[in-house]
Amino acid sequence: MNAPTGRPAQPAEPGGRPARLAVGVVGTGRVGPVLGAALKLAGHRPVAASGVSDASRGRAEALLPGVPLVEPAEVLARSDLVLLTVPDDALPDLVAGLAATGAVRTGQLLVHTSGRYGVGVLDPARRAGALPLALHPAMTFTGTEVDVARLAGCSFGVTAPQRLRLAAEALVVEMGGEPEWIEEEARPLYHAALAHGANHLVTLVAQSLELLASAGVQAPDRMLGPLLGAALDNALRSGDAALTGPVARGDAGTVAAHLAELGRVSSQACDSYLALARVTADRALANGLLPAERAEDLLGVLADGGLR
């Protein structure tokens, strides 16, 4: 495709298939270059990118070789489709600034990848004539070519005006993903759910690895891997019914012993265990997994932090 000429970009060919587009990336962190590379594999043409740090520039050079690194306004000037892949908190000011300086063109597809926001954050650019899309890949990124393959089957939280829905979904499919429609007002809850599951899982696993190492386990990752893999699979299949362990059984003495030992080794891990055990007990009791006759002693231990 030739460089933009000021004409409105065509968001889709007949049937919703995206036209071959000149693609720009504003923000070359872990996400932007990966999505740019995925779009290149789909037949689109990355033409410009912007990045500040040495690490971000390195990612751009590795995943988008030969693509010039320029200022954000110049990225927009060269592109039909622009990926805004900056941190959530930076997105509103970036969009407002680009719109205020006249960088946004009529008919230009402007896509952000924030989980927190829908298309409302793009309103300044929309008023300048841009076509707004929110496409959030529900995946953690390393910023390497490994991520491009991981996009296969990855769910994307998609929010867009009704008239652009087919184009948005088609772009996701071209990157190998599966579109999941998220209403504008549901974006904060959607993002909180993903962050709660993925980010806090990393914290939980890291704490468990440290505790096993403190207990003398030589290969804690090898020990945890099969256990956590099975637990995750069971939880995804069965939800609360997959609960096992001393909290679900109401083994108050075991839980008290855990809290005492964790308090000795790591107050941080003890606090995490206690908070999660309280929630787990409430859910197990509500779902009939924790027998009421065994719940009283357990809830007492959890209420006083195992100090009995």
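The values are calculated or read from the model by the stated rules, or taken from the named source; none is laboratory data. Only a predicted model underlies this, so the values are computations on that prediction, with no experimental measurement involved. All Cβ positions, even for glycine, are placed from backbone atoms using ideal geometry, and neighbour counts span all protein chains on display.
Considering each residue of segment 95-120, count those that are within 17 Å of Ala49 (Cβ to Cβ) and part of a helix (DSSP H, G or I), and give that number. Full working, then the answer.
To start, the set of residues in segment 95-120 that are within 17 Å of Ala49 (Cβ to Cβ) comprises 98, 103, 108-113.
In the following step, the residues that additionally are part of a helix (DSSP H, G or I) were identified as 98.
Within segment 95-120, residues that are within 17 Å of Ala49 (Cβ to Cβ) and part of a helix (DSSP H, G or I) number 1.
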For helices (runs of 4 or more DSSP H) lying entirely in segment 245-308, having 2 or more residues that are farther than 21 Å from Leu227 by Cα and in the same structural domain as Leu212 (by TED's automatic domain parsing) picks out 252-265, 267-286, 292-303
Every residue from segment 24-47 that is part of a strand (DSSP E or B), more than 14 Å from His112 (Cα to Cα) and under 24 Å from the mean Cα position of the chain (by Cα): Pro46
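Go through segment 56-81 and give me each residue that's touching a residue at least 60 places away in the same chain (Cβ under 8 Å) and within 23 Å of the chain's Cα centre (by Cα).
At the first step, the residues of segment 56-81 found to be touching a residue at least 60 places away in the same chain (Cβ under 8 Å) are 59, 62-63, 77-81.
Passing the criteria: Arg59, Ala62, Leu63, Leu81.
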